[in-house]
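*Asks:* Please read through the structure below; I'll follow up with questions.
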Amino acid sequence: MATINYYLDKADRKGLAPIHLRINCNGNQIKLATGKKINSEQFDKKKQRATGITIESTEINHYLRFLEDRANELLHHSTKRTFSQEEIKDILIQHIENYKESNSVNIVKEQLALYGKPFTFIDLFAGAGGFSEGFLQAEINNKFFDFIAASDINENCELTHIVRYNHQLGLNAEFLRQDITEPDFLENLLKKIGEKKIDVICGGPPCQSFSLAGKRRKFDKKDDLFSHYLEVIKRLQPKYFVMENVKGILTKEDGKIKDLIIQEINSIVDLKEIPFLVSFIRRIKKENNSFLLESIIKSIEIESLKETEIEFGREDFIRFVENRFKQLTPKIADYKTSKTDSSINTIRHGFNILARTKEWEKLKRIIIKEKDYCNIDNDSFTDTFTDFLTRISSENIIVKIENSFKELKVPSKFQKDCADIITVLKIYSASFDETVEILSSLCTEKEQKELSIILESIRLYKIEKPFIANASNYGVPQNRERVLFIGCRKDQKYISEIPPTVKDNEKVTVFEALYDLDFIGNNQEAHHYELVDISKQFNGTAQKMMSLIKKRAIDGNINIKDGKTFSEWSKEGRLIERYKPKTKPFYVKDFNGLSNGEKYFDLLNNHKTSNQNKDVVKRLQIILNQGDYKMAQCELEECGLNSNKRNYNVLKPDVQSSTIMTIPDDYIHYNSPRALTVREMARLQSFDDSFVFQGKRSTGGNNRKSEVPQYTLVGNAVPPLLARAVASEILKNIR
């Protein structure tokens, strides 16, 4: 039985004594300098810990516990049964060196370019940072990306970002933890950015509940996040923006959602060109459509207002329309009717509601948050909340006003005036493209041609259609299909697709990605790499398995001469030279752990298996043997091992995995009856091993709504190698 303890060496001139680790095992002794010094009076020899409650003593004690745990793990709980003294010393020294290296580094450093041309980017809906990671891996002809800021709403996203990019890589990239729908989000983002111009914006706004205008029914926190993403683009006007989403967005509501997204992107205007369009409208203004055209001018001019002025601009627009109605009222109703008629009051009060849109939107956000907090969904309360939120929407108020006009007995000579008011109110909630359609209908054929020329200049971004990108085409060992919308500013080269970097018959396989991590069993955790003997594991098929491991370039392309295997790239890292880590990877449980210096400097992180009972292991083994969940159903039933789970995905070693999601129990390892570890899922997403996922490993139940544990961080991420391919294509074309 081994004993592990600490002792103090002789104190130096300052009275500080070095702390040493001592291991006694079967008459043999190992001594190691921990790299820490302490005043001997502040060290409790009996408890083997520093005394006091200072941050320094807390950090020392955490470090000593950490080293003691790792030594104990090697001696008593390792998957490998025998170690030489030198092997134990080597592993523990690496932990000690990692700690020393981290604590001698200046945490935040400026991203100064020694050579080359940097282009700035920000990452919205950043999650773990898949886009960010890929962008920092890209470099083309001395052009590279400078990471300015990221944003998400979850604390663990922020923690993972700060540890990776600020501490480990030593960058000064900012993080904004705030809901993008909040009124001051843009203002706070601009503070984080400072005076910097942003060249590229990337992000994947969740579009699960995005629906056609006027037909939104779910009213959850994800409702229409896309439009808020576009608001950031309108304000920052980057050279390129990238929006990633699920493949289903293309067919949602029979493709109308995709068309609406493109229409909204095409509606982003070049503010410098607005005066030319306004001048054109003023020239074509005619007596019979003067009100409509003046309203269109007011609507277009709102586009050029500052964020703080938009509210007043929109109110002014409604008051302009209201004034038109006031002039019309005596012509369509007598005095008594105008004061008492329900329809006229509905129109009049509807204007007041529309003029206060910002306040109603604020109220709507509060109600949606409370609805979400109280888990109101699929119950008797849902319809009540949904009905109210629907009724206060601008679109619904305009419908009420329109119906009230229809109920009035308006003389025929004034019916066009009433119709014009309705048209103008629809312009109020319309996109730029929809407004232009109305404008075009008021033009002659000659004027329409002139308008087309102006619109060519006023549309800020070029985009014809989105395209589907399969991550496996870019060196990711996973068939993950995602839709990419790439908006190209009109002064930049058009990008319509991202060329594959890997041929169909040369894609990275699951075995290539995971084989060197296959030394862990059920309910185990590994903190360092161990040698995997493929010939012993696979016996008669070892040669076939070995043939799956190929030398590749960083992007997955076969490169026998100078390449590395996928696992070698994962261990060594894919970041370009200027962004190589300044400190060794480490894990912290939460922000308190980060503040108190309670860091875990392991040689391998996030490699822990779930504790699955015997029945679950038997069930997984049967499914693994059959190779398919459905095919295993009969045998599972015979053995009484049925499961309510809809599906298990059995990984096949010689092909790519299916799309990696957020629940590890959905997957069965190709060689063992167990779920995947966070690190294995991260490999299938193409994250480097040095990228440590922080905080909780997993969560369940209602906590899934508010928490983003490690598995969720991995599953929701954009694969870095896919992001790298996007970033490289932008660097090839950006001016």
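*Asks:* Looking only at helices (runs of 4 or more DSSP H) that fall completely inside the stretch 586-685, which ones have 2 or more residues that are within 21 Å of N523 (Cα to Cα)?
*Replies:* Numbers: elements: 591-595, 614-626, 633-638, 678-685.
In the stretch 586-685, 614-626, 678-685 are the helices (runs of 4 or more DSSP H) which contain 2 or more residues that are within 21 Å of N523 (Cα to Cα).
*Asks:* Can you name the residue in the stretch 519-556 that is of a type in the set (K, R) and in contact with a strand residue (DSSP E or B) (Cβ under 9 Å, 6 or more places away or on another chain) and is also surrounded by the fewest Cβ atoms within 10 Å (Cβ to Cβ) among such residues? Give the derivation first.
*Replies:* Narrowing the stretch 519-556 to residues of a type in the set (K, R): 536, 544, 550-552.
Narrowing further to those that are in contact with a strand residue (DSSP E or B) (Cβ under 9 Å, 6 or more places away or on another chain): 550-552.
On the way: K550: 17, K551: 14, R552: 24.
Step by step, filter the stretch 519-556, then rank; the result is K551.
*Asks:* Looking at (1) under 24 Å from Y515 (Cα atoms); (2) hydroxyl-bearing (S, T, Y); (3) assigned by TED's automatic domain parsing to the domain that holds S132, which is the one condition that is false for T712?
*Replies:* (3)
*Asks:* Which residue pairs have Cβ atoms under 9 Å apart, sit 6 or more places apart or on different chains, and have a first residue in the stretch 709-723 that is surrounded by fewer than 24 Cβ atoms within 10 Å (Cβ to Cβ) and a second that is among the aromatic types (F, W, Y)?
*Replies:* P709/F693
*Asks:* Identify the single condition in (1) surrounded by 14 or more Cβ atoms within 10 Å (Cβ to Cβ); (2) in contact with a Lys or Arg (Cβ under 9 Å, 6 or more places away or on another chain) that N345 does not satisfy, given that it satisfies every other one.
*Replies:* (1)
*Asks:* What are the residues in the stretch 631-689 that are among the hydroxyl-bearing types (S, T, Y) and closer than 21 Å to I554 by Cα, if any?
*Replies:* Passing the criteria: S657, S686.
*Asks:* Run down A150, A128 and say which single residue is closer than 20 Å to Q237 by Cα, under 15 Å from the mean Cα position of the chain (by Cα) and either modelled with pLDDT under 95 or outside the structural domain of K589 (by TED's automatic domain parsing) (or both).
*Replies:* Just one listed residue meets the conditions, A150.
*Asks:* Of F226, F241, which residue is outside any loop (DSSP other than H, G, I, E, B), of a type in the set (F, W, Y), modelled with pLDDT under 90 and surrounded by 15 or more Cβ atoms within 10 Å (Cβ to Cβ)?
*Replies:* Values: F241 fails: modelled with pLDDT under 90.
One residue alone meets the criteria, F226.
*Asks:* Test each condition in (1) closer than 24 Å to M661 by Cα; (2) in contact with a helix residue (DSSP H, G or I) (Cβ under 7 Å, 6 or more places away or on another chain); (3) surrounded by fewer than 24 Cβ atoms within 10 Å (Cβ to Cβ) for Q178 and report the one that comes out false.
*Replies:* For Q178, the failing item is (1).
*Asks:* Name the single residue, out of those in the stretch 417-433 being charged (D, E, K, R) and in contact (Cβ under 8 Å) with a residue 60 or more places away in the chain, that is nearest to I458 (Cα to Cα). Spell out the reasoning first.
*Replies:* Residues of the stretch 417-433 that are charged (D, E, K, R), as a first pass: 417, 420, 426, 433.
Restricting the remaining residues to those that are in contact (Cβ under 8 Å) with a residue 60 or more places away in the chain gives 417, 420, 433.
Working: D417: 30, D420: 26, D433: 11 Å.
Only one residue tops the list, namely D433.
*Asks:* Does G695 satisfy the criteria of being free of Cβ contacts under 8 Å to residues at least 24 places away in the same chain and either crowded, with 17+ Cβ neighbours inside 10 Å or outside the structural domain of I468 (by TED's automatic domain parsing) (or both)? Steps first, answer last, please.
*Replies:* Details: free of Cβ contacts under 8 Å to residues at least 24 places away in the same chain: no; either crowded, with 17+ Cβ neighbours inside 10 Å or outside the structural domain of I468 (by TED's automatic domain parsing) (or both): yes.
No.
*Asks:* Continuing with this model, one more query. Kindly provide the set of residues from the stretch 523-539 that are in a loop (DSSP other than H, G, I, E, B) and without any contact (Cβ under 8 Å) to a residue 24 or more places away in the chain, ordered by number.
*Replies:* Matches in the stretch 523-539: L531, V532, D533.
Rundown of residues vs (1) more than 36 Å from the chain's Cα centre (by Cα); (2) loosely packed, with under 15 Cβ neighbours inside 10 Å, yes/no style:
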{"residue": "I296", "(1), (2)": "yes, no"}
{"residue": "E309", "(1), (2)": "no, yes"}
{"residue": "Y335", "(1), (2)": "yes, yes"}
{"residue": "N378", "(1), (2)": "no, yes"}
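*Asks:* Here is a list: T329, T337. Which entry is more than 15 Å from I422 (Cα to Cα) and at pLDDT below 95? Explain how you work it out, then say what you get.
*Replies:* Numbers: T329 fails: more than 15 Å from I422 (Cα to Cα).
Going through T329, T337 in turn, just one is more than 15 Å from I422 (Cα to Cα) and at pLDDT below 95: T337.
*Asks:* Out of E322, E311, which single residue is within 13 Å of S295 (Cβ to Cβ), in contact (Cβ under 8 Å) with a residue 12 or more places away in the chain and either touching a Pro at 6+ places or on another chain (Cβ under 8 Å) or not aromatic (F, W, Y) (or both)?
*Replies:* On the way: E311 fails: within 13 Å of S295 (Cβ to Cβ).
Testing whether each residue is within 13 Å of S295 (Cβ to Cβ), in contact (Cβ under 8 Å) with a residue 12 or more places away in the chain and either touching a Pro at 6+ places or on another chain (Cβ under 8 Å) or not aromatic (F, W, Y) (or both) leaves just E322.
*Asks:* R164: modelled with pLDDT of 95 or more, touching a Ser or Thr at 6+ places or on another chain (Cβ under 8 Å) and either of a type outside the set (A, V, I, L, M, F, W, C) or over 19 Å from K192 (Cβ atoms) (or both), yes or no?
*Replies:* Numbers: modelled with pLDDT of 95 or more: yes; touching a Ser or Thr at 6+ places or on another chain (Cβ under 8 Å): no; either of a type outside the set (A, V, I, L, M, F, W, C) or over 19 Å from K192 (Cβ atoms) (or both): yes.
No: the conditions fail for R164.
*Asks:* Further, regarding this structure: For the stretch 629-639, check the following and say yes or no: at least one residue is touching an Asp or Glu at 6+ places or on another chain (Cβ under 6 Å) and either at pLDDT 90 or above or buried (at least 18 other Cβ atoms within 10 Å of the Cβ) (or both). Give the derivation first.
*Replies:* Taking the stretch 629-639 and keeping what is touching an Asp or Glu at 6+ places or on another chain (Cβ under 6 Å), we get none.
Taking every residue of the stretch 629-639 in turn, none turns out to be touching an Asp or Glu at 6+ places or on another chain (Cβ under 6 Å) and either at pLDDT 90 or above or buried (at least 18 other Cβ atoms within 10 Å of the Cβ) (or both).
*Asks:* Could you list, in sequence order, the residues of the stretch 583-598 that are under 25 Å from the mean Cα position of the chain (by Cα) and under 20 Å from H528 (Cα atoms)?
*Replies:* T583, K584, P585, F586, Y587, V588, K589
*Asks:* Return only the number of the condition from (1) assigned by TED's automatic domain parsing to the domain that holds S429; (2) buried (at least 19 other Cβ atoms within 10 Å of the Cβ); (3) closer than 23 Å to L451 by Cβ that L260 does not satisfy.
*Replies:* Answer for L260: the failing condition is (1).
*Asks:* Cβ contacts < 7 Å: first residue free of Cβ contacts under 8 Å to residues at least 40 places away in the same chain, restricted to the stretch 369-381; second residue not aliphatic (A, V, I, L, M), any location; separation 6+ or different chain. Result?
*Replies:* Once the first residue is free of Cβ contacts under 8 Å to residues at least 40 places away in the same chain and sits in the stretch 369-381, its partners that are not aliphatic (A, V, I, L, M) give I376/T382; I376/F385.
*Asks:* So, one more: Tell me, yes or no, whether the stretch 510-518 has at least one residue that is in the same structural domain as Q685 (by TED's automatic domain parsing), part of a loop (DSSP other than H, G, I, E, B) and exposed (fewer than 15 other Cβ atoms within 10 Å of the Cβ).
*Replies:* Step one: filter the stretch 510-518 for residues in the same structural domain as Q685 (by TED's automatic domain parsing), giving 510-518.
Now restrict to residues that are part of a loop (DSSP other than H, G, I, E, B): 518.
Applying the additional criterion that residues be exposed (fewer than 15 other Cβ atoms within 10 Å of the Cβ) yields none.
There is no residue in the stretch 510-518 that is in the same structural domain as Q685 (by TED's automatic domain parsing), part of a loop (DSSP other than H, G, I, E, B) and exposed (fewer than 15 other Cβ atoms within 10 Å of the Cβ).
*Asks:* With a cut-off of at least 3 residues that are closer than 23 Å to K234 by Cα, name the helices (runs of 4 or more DSSP H) lying wholly within the stretch 288-384. Let's see the steps before the verdict.
*Replies:* On the way: elements: 290-302, 307-332, 335-340, 342-355, 357-373.
Result: 290-302, 307-332, 357-373.
*Asks:* Okay, next question. Report, by residue number, each residue of the stretch 566-585 that is over 26 Å from K143 (Cα atoms) and in a loop (DSSP other than H, G, I, E, B). Before you say what the answer is, go through the steps one by one.
*Replies:* The first filter runs over the stretch 566-585 and keeps only residues over 26 Å from K143 (Cα atoms), leaving 567, 584-585.
Of everything in the stretch 566-585, those that are over 26 Å from K143 (Cα atoms) and in a loop (DSSP other than H, G, I, E, B) turn out to be K584, P585.
*Asks:* What is the residue count in the stretch 353-376 for residues that are surrounded by 15 or more Cβ atoms within 10 Å (Cβ to Cβ), of a type in the set (A, V, I, L, M, F, W, C) and closer than 19 Å to N703 by Cα?
*Replies:* Going through the stretch 353-376 one residue at a time, the tally reaches 2.
*Asks:* Would it be correct to say that N596 is modelled with pLDDT under 90, more than 20 Å from Y670 (Cα to Cα) and outside the structural domain of A128 (by TED's automatic domain parsing)? Lay out the reasoning, then the answer.
*Replies:* Working: modelled with pLDDT under 90: yes; more than 20 Å from Y670 (Cα to Cα): yes; outside the structural domain of A128 (by TED's automatic domain parsing): yes.
Yes; evaluated as a whole, the condition is true for this residue.
The values are calculated or read from the model by the stated rules, or taken from the named source; none is laboratory data. Because the structure is a prediction, the values reported are computed rather than measured. Virtual Cβ from ideal backbone geometry, glycine too; neighbours counted across all protein chains shown.
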